[in-house]
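To keep things clear, I will list the structure first and then write my remarks on it.
Each reported figure results from applying straightforward, stated rules to the coordinates on display, with no laboratory input. Since this is a predicted model, take the numbers as computed values, not measurements. All Cβ positions, glycine included, derive from the backbone under ideal geometry; neighbour counts span all protein chains shown.
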Amino acid sequence: MVGRGQKVLLVNPSWDGLVSRKGQRVNRAWPPLDLLNCAALLEQDGASVSVIDARATPTPIETIREAAARHDLVFVTSSPIDRWQCPNLDLAPFLAVTSQVDPEKLCVMGSHGTVAPEELLTMTGARAVIRGEPELAVRALCGGKDPSDVPGVTYQHEGTIINNPDGEPVDLTTLPLPAFHLLDLDRYRYEILGDRFVLLEATRGCHYRCHFCLLKMYGKGYRTKDPDQVIREVTYLVREAGARTGYFIDLEFTAVRDYVWDLCERLALAKLPFEWACQTRADYVDGPLLQLMKRAGCRLIHFGVESGSARVLAATNKHVTLEAIERGIAETKQAGIDQVCFFMFGFPGETAEDMEATIAFSKRVNPTYASFHVVSPYRGTKLYELSGASEPFPEACTKAHDLTMLQATVNRAFREFYLRPAVLWSRLRRMDPRLWRRQVALFWAFVRPALS
């Protein structure tokens, strides 16, 4: 039985460089907030918890093996919370870590095990695979419950793989302050915002069901933390932990306008030296709300645009128009908040003309930053069904498009967007030398494969 006084290790593996070769995922050093939620719950129960974040601190595989041997249970994630929606596609780095842990004490979690639990159980030989939100299952397993008694767990018994019923959604208001004291914030940064960077969560879930979006990790429903709870977390992180920047990792931060208005009023009144970013839909913002967010410390908003073709956008089930997107981005600019817009290529039925329309639209709306990617049909999404994919974690809809062509289009989009004279000049005018170097390094990591 594991419980009070026992030792638990939580591991976030490293990946293959700044930009993964398969799928071009950016492997930023961002705090694994879900692991910190788990750690805080376990510490409440009296367990001794350690976190190895090999993303932030390069950690030899031998060190992980030795640490695992000293602990009673070891949990390894294939995708921390910032990768729940868009996980890495090459599992080799994750499997290299799980191979170092005694299977009797190994539990794995993340998006891959959630959508393909039987495959992950076979690959790792783990005692249990946790599907979906990990917090409650981790606590139950560390409290001494057998995998057969824990909702949301897949395990093997006498050669048969068994999937327990899904667990209940996590009530965010019951989560304690995440265990940020287990991390060194000097290791975390976002090349756009700055150093001593943290992740925050005010809400969990999404109201929409876009065909390309992987939502299996998020449980059921749309849930919120109490605004006072969020303010306490931000205040602790700034005043006690020394955080300077952060990102609300919520899928759609402004979905409930009254809630985010209340939260931002409280943040503005707190007057903390803290700048933050969030993600939301471009049709979920308006001028007055954006102005309040700016006063509350919001410096950057991530918008998923997806496509500049009205036909392709409609087919994604996103339920938004190009006009609404353009209006939302324009109002964000007017409020003095920077924007990152995400565009994708390779939807089923997408033509070369549609892809050109996406590149043209990116330049027309002209966000502060643009990010271009090949769309991956994640298992567990409608897009996976439409793509006709057979492998568990495909890189692209290759039955509809040539992957080499899609990658070339992504690289051309980056070059056409960022190498315009006006964009280069805007970067020079607002240059922070440290952040600018990191942004250039990221841009080069994306375009270098096409030039080599």
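Annotations for the structure displayed:
- Amide H contacts for residue 200 (H built 1.01 Å from N in the peptide plane; partners 5 or more residues away or on another chain; cut-off under 5 Å): 247, 248, 249.
- Total formal charge among the other residues, if their Cβ is under 12 angstrom from that of residue 68, Lys/Arg +1 and Asp/Glu -1: -1
- Under-5 Å amide H pairs with residue 302, H placed in peptide plane, nonlocal only: 278, 279, 280, 340
- Per-residue HN-Hα couplings for the range 374-381 [Karplus 6.51, -1.76, 1.60; θ = phi - 60°; Hz; x = Gly/Pro]: 7, 6, 9, x, 5, 4, x, 10
- Antiparallel %, DSSP beta bridges [both residues in the chain], to 5: 20
- Viscosity 1.567 mPa s, 4 °C: Kirkwood-radius Stokes-Einstein D of the range 76-120 over Cα pairs, µm²/s: 120
- Taking Lys and Arg as +1 and Asp and Glu as -1, the other residues whose beta-carbon sits under 10 Å from that of residue 187 total -1.
- Lysine pairs in the range 295-430 with Cα atoms under 23 Å, if 8 or more residues apart or on separate chains: 6
- Point-to-point label distance, residue 385-residue 146, nm (Cα→Cβ direction, 7 Å offset): 3.6
- 222 nm mean residue ellipticity, helices alone, for the chain (DSSP H n ≥ 4; -39,500 (n - 2.57); rounded to 500): -11000 deg cm²/dmol
- The H on the amide N of residue 156, modeled in the peptide plane, is under 5 Å from the matching H of 162, each at least 5 residues off or on a different chain.
- Rounded to the nearest 20 debye, dipole of the range 23-144 from Cβ charges on Lys, Arg, Asp, Glu: 200
- Fraction of the pair-distance distribution of the chain above 30 Å, Cα-Cα pairs, percent: 44
- Global geometry of the range 13-66, whether rounded, prolate or oblate, following the gyration tensor of its Cα atoms and the 1.5 cut on a/c: oblate
- For the range 326-435, the spread of Cα positions along each principal axis, largest first, Å: 48, 30, 26
- Positive-end residue, the chain charge dipole about Cα centroid, Cβ charges, pick of 76, 409, 182: 409
- Share of Cα-Cα pairs in the range 199-269 lying beyond 19 Å, as whole percent: 38
- Overall, the chain carries a charge dipole of about 1480 debye about its Cα centre when +1 sits on the Cβ of Lys and Arg and -1 on the Cβ of Asp and Glu, all other atoms neutral.
- Disulfide-incompatible cysteines by the Cβ rule (no partner under 4.7 Å) in the chain: 38, 86, 107, 142, 206, 264, 278, 298, 341, 397
- Which of 289, 276, 217, positive extreme of dipole for the range 214-341 (C-beta unit charges): 217
- Mean-position separation - Cα centroids, the range 254-319 and the range 116-168, in angstrom: 36
- Subtracting the Cα-Cα distance of residue 187 and residue 351 from 0.36 nm times their residue separation leaves 54.8 nm of extension gain.
- Stokes-Einstein diffusion coefficient of the range 23-104, Kirkwood radius over Cα pairs, 20 °C, 1.002 mPa s, in µm²/s: 155
- The alpha carbon convex hull volume per residue for the range 221-325 rounds to 104 Å³.
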